1. Could you order M178, M171 by accessible surface area, starting with the largest, using a probe radius of 1.4 Å?
2. Highest mean first, how do 24-36, 201-213, 157-169, 104-116 rank when packing is the count of other Cβ atoms within 10 Å averaged over residues?
3. For the chain, take the longest principal axis of its alpha carbons; what is the angle in degrees between that and the long axis of helix 12-38, to the nearest 10 within 0 to 90?
4. Rolling a 1.4 Å sphere over the protein heavy atoms, what is the accessible area per residue of the chain, to the nearest Å²?
5. How long is the gain from T242 to V274 if the chain were fully straight, where each residue apart is worth 0.36 nm and the alpha carbon distance is subtracted?
6. Measure nothing fancy, just the Cα-based angle from helix 380-395's long axis to the longest principal axis of the chain, in degrees from 0 to 90, nearest 10.
7. Which percent, nearest 5, of DSSP beta bridges in segment 215-353 are antiparallel?
8. What percent antiparallel are the DSSP beta bridges of the chain, to the nearest 5?
Amino acid sequence: MTEAAPAMPPTRGAARSSLGSNLDGVRQHNLGAILQLVHGIPGRSRSELTRATGLSRSTIGALVGELAALGLVSEEEPRETSGVGRPSPIVVANPRVVTVTVNPEVDGVTVGVVGLDGTVHRTVHHATDAPPTAQGAARIVSTVLDGLKALLDSGLRVAGVGAAVPGSVRMADGVVRMAPHLEWVDEPFGALLEDATGLPALVANDASLGANAERLYGAGRGIDDLIYLNGGAGGIGGGVITHGAPLTGNSGYAGELGHTLVNSAGVRCHCGAVGCLETEVSQARLLEALGVVDPADLDEVMAADGAGVHAEVERQLGYLAVGIRNAVNILNPRRVVLGGFLGALLDAAPQVLDLSVRAQSLSASAEQVDVVRAELGSGVLTIGAAELAFTRLIADPTALQR
């Protein structure tokens, strides 16, 4: 048996190349970390960035300078100059670096333009008479962007497209495996958007993106473990944040809490199962029971008429408590955030829902959890989709130059 030849040590040139590659990777990571800290908010001082990252002041200065040269951030005079020592400049993200956001729904497609600093430059809702097809939705996005040409040509730099879809989305390639209310099955929506816009596109489940948006800028600020449930005309979507990161599962389908079983004697759901949460807790059934035509009037009607004691409200609160109980026992969140008409249900009888969840959940899991209403309102999916699109830029801040 022939003895294997000993491995040769790397040449000096190869070692230098490896070291340079590692240093480039560290630099790219640090640039992204700074951009992550300043985007979507009014800005942070250099001293805050130093404390948050653990990097030296000189390193922070160099990184901020590079991001400024890339046109991603700028520096402003400090807002408060009192105190000892030289005031630290404020680093702010460039609002002229933007992403295009897309949210297809049963009644049309909403397209937004959102800045790196969180500025929503424009949102346009293109109504349709029926749920748009995936191809039709991509064409609508192209048409809306044509109508926004003057805005986009006014010095904006578009980093990409982020789409929030009410369905199961395969993360790897942006294929919508199933969006029952849109009647989409295995639609390559990411590729369709890229073809229609000429921009890189990322696609994810809408409620998962809403969960991340509420964690960063809404009712979940400072909470690393939360559940987000949103109710609308298309049903109930769910998203989960655990240890500060979205829970995606193997392929990106995790968090479908609207399709958990709450009533084994219930009706059949769009997904094919019986007794799903979204069949028992339904905006359409609530509107019909209360005699409300426009969902936007739901809060006002429920508050004015004392709808918290209405039989349909009580029934839906009961099933909502079962769904939340299941999630609390499985995921042990610190906070449950309710959006859409679920927020109106909560406000109708907050103590009823809270007590019911606690009574049914395992005591160890329920003792610290609270249930609150979402804060971002109708803009949550625009913000969430923008955050998705910006992830690529934050991962590689030099990508916009290439």
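1. Details: M178 75, M171 110 Å².
Correct descending sequence by accessible area is M171, M178.
2. Details: 24-36: 16.4, 201-213: 27.8, 157-169: 25.2, 104-116: 23.2.
Result, highest mean first: 201-213, 157-169, 104-116, 24-36.
3. The helix 12-38 is inclined about 40 degrees to the chain.
4. Numbers: 19200 Å² over 402 residues.
The answer is 48 Å² per residue.
5. Values: separation 32, 0.36 × 32 = 11.52 nm, distance 2.84 nm.
Extra length from T242 to V274 when fully extended: 8.7 nm.
6. 20 degrees
7. On the way: 11 of 17 bridges.
Here the antiparallel bridges make up roughly 65 percent for segment 215-353.
8. On the way: 38 of 58 bridges.
If we restrict to bridges inside the chain, about 65 percent are antiparallel.
The values are calculated or read from the model by the stated rules, or taken from the named source; none is laboratory data. Treat the numbers as computed from the prediction; the structure is a model and nothing was measured. Note: ideal-geometry Cβ built from the backbone for every residue, glycine included; neighbour counts use all protein chains shown. Just so you know, the surface numbers come from the protein's heavy atoms only, side chains and all, with ligands and any DNA or RNA stripped out. Shrake-Rupley method; radii C 1.70, N 1.55, O 1.52, S 1.80 Å.
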